[in-house]
Amino acid sequence: MSGLTGAEADLLAPVERAPILDRTLEWAAINSGTGNLDGLAAMAGRLAQAFAQLPGEVRLVDPAPVEKVDAKGQLRELGHGRHLVLSVRPEAERRVILTGHMDTVYAREHPFQTSAWLDDDTLNGPGTADMKGGLSLMLAGLAAYERSAPSLGYDVLINSDEETGSLSSAALIADLARGKLAALTYEPGLPDGSMARARPGSGNYAAVATGRSAHAGRNPQDGRNALVAASDLAMRLAAGVQDGLTINPARIEGGAPNNTVPDLAILHFNLRPRTPELAEVARALVDAAVAQVSAAHDVHIHVHGHVSRPPKPITPKTEALFGLVSKAAADLGQSMRWQDTGGVCDGNNIAACGVPVLDTMGALGGSIHSPQEFMIASSLDARARLTALVMHRLDKEGIAA
């Protein structure tokens, strides 16, 4: 840590692993799957209490309405938890946004609910890396930064629906991100310290095919088979995969008894364009496939969904932010690499607002979204120090335009 000034070393000295780890274990013991509204409410309460130690106002914001196509092809409103927002020095001209999420992919009924040590430094637990460890270290880093006579303003946003696309918090993210100097998001880094660089966009869709039922034996010719149409659409979409654009037909719902021509089928699919131009290519491809299948099978198809995570390109401002963060990591003796990834997160939404974002500032770990999820405990205090130092240097130095 020879690159630190004396003031920076003093700033970071009080950061300790034990309280960060204790909070992580406490929060990981609360099931806060995106659909568990009671668990999310409990988690939001714990977070509000914890982040109240920072100066500024903590508030819980109601989710925006979100509709989803159900198994009957009808739109229904989904319930979501409230989102936490902390605003510190809102009058400051130079401001940063730090974001994370309180929800996990593990439902209340999922068997993976407890944490266990795999070795002295590796903790297996639900949401430990993704991202309750990240939330805990973010708080520790900000608390350390507040000891440095700070002048930088910042907002903290912790949403309740990141794992399902942040649809109920997208407008809030955009509102808080707009005009910010920089953004730090606390998705987990890889065990070797690698951080996400460019990300593709992502959109989730439901194509509702409505045909005509008929008896499968007496008059099948009078029917219009929605299941066959949905299958044809899946095949046409899969054939549209190209360099920079992935399309994944994931599930077909609907159908009918064996003696009935099915009049309803719902195709769920995801697409990921690497660039805004490829997002337009994907939109045109979906429109063309829907028109072709509708005509070929004499069915009606309604598509619900859009690219809700815009592609995240790398701009000169993003390069400058990474330069500042990687220099801070080097001065702390932490290894760091930067590489493109196929995953998406709230960093996509922030980048779409023209704000440079580094979105893997959280704990190091791996095997996320599985019962093998693990977090490296020694990264908690290391990344908390990195957060404090980055905030301090953004305050004192800023980043290149």
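The values are calculated or read from the model by the stated rules, or taken from the named source; none is laboratory data. Just so you know, these numbers come straight off a predicted model, no measurement behind them. Here the Cβ is made from the backbone with ideal geometry for all residues, glycine too, and neighbour counts use every protein chain on show. For the accessible areas, the whole protein counts, side chains as well, though only heavy atoms, and no ligand, DNA or RNA atoms are used. Shrake-Rupley method; radii C 1.70, N 1.55, O 1.52, S 1.80 Å.
Structural remarks
- Pairs of Cα atoms nearer than 8 Å and 6+ residues apart set the relative contact order; for the chain it is 24 percent.
- Viscosity 0.692 mPa s, temperature 37 °C, Stokes-Einstein D of segment 100-207 from Kirkwood C-alpha radius, µm²/s: 200
- Long-range tail of P(r) for the chain (Cα pairs > 35 Å, %): 32
- Compared with the direct C-alpha span, the chain from Ser367 to Arg147 gains 75.7 nm at full extension, assuming 0.36 nm per residue.
- Shape call, segment 1-60: gyration tensor on alpha carbons, a/c limit 1.5: prolate
- Net +/- balance of residues flanking Leu245 in space, Cβ distance below 13 Å, scoring K and R +1, D and E -1: 0
- Theoretical gain in end-to-end length, Gln292 to Gln49 [0.36 nm per residue, Cα-Cα removed]: 82.0 nm
- Global geometry of segment 1-132, whether rounded, prolate or oblate, following the gyration tensor of its Cα atoms and the 1.5 cut on a/c: oblate
- DSSP beta bridge pairing in the chain, given as percent antiparallel to the nearest 5: 75
- Taking the protein heavy atoms of segment 237-372 in the context of the full set of protein chains, the accessible area attributed to carbon and sulfur is 53 percent at 1.4 Å.
- Segment 116-273 shape via C-alpha gyration tensor axes, a/c threshold 1.5: prolate
- Theoretical ellipticity at 222 nm over the chain - DSSP helices of four or more residues, -39500 (n - 2.57) apiece, nearest 500: -10500 deg cm²/dmol
- Against the rule of thumb 2.2 N^0.38 Å, how large the Cα Rg of segment 64-139 comes out: 1.57
- For His304 and Ser335, the difference between the fully extended length at 0.36 nm per residue and the C-alpha to C-alpha distance is 6.8 nm.
- For Gln339, the shell of other residues with beta-carbons less than 15 Å away shows a net charge of 0, using +1 for Lys and Arg and -1 for Asp and Glu.
- Computed from phi, the 3J(HN,Hα) profile of segment 61-75 under the Karplus parametrisation 6.51, -1.76, 1.60 (θ = phi - 60°) reads 9, 5, x, 6, x, 9, 10, 9, 6, 8, 5, 9, x, 9, 7 Hz, with x in place of Gly and Pro.
- Residues listed by number, segment 314-356, amide nitrogen under 18 Å from Ser378 label point at 7 Å toward C-beta: 329-337
- From phi via Karplus (6.51, -1.76, 1.60), per-residue ³J(HN,Hα) for segment 78-87 in Hz, x at Gly/Pro: 9, x, 9, x, 7, 9, 8, 10, 10, 10
- Accessible-area value, Ile252, 1.4 Å probe, nucleic acids and ligands omitted, Å²: 70
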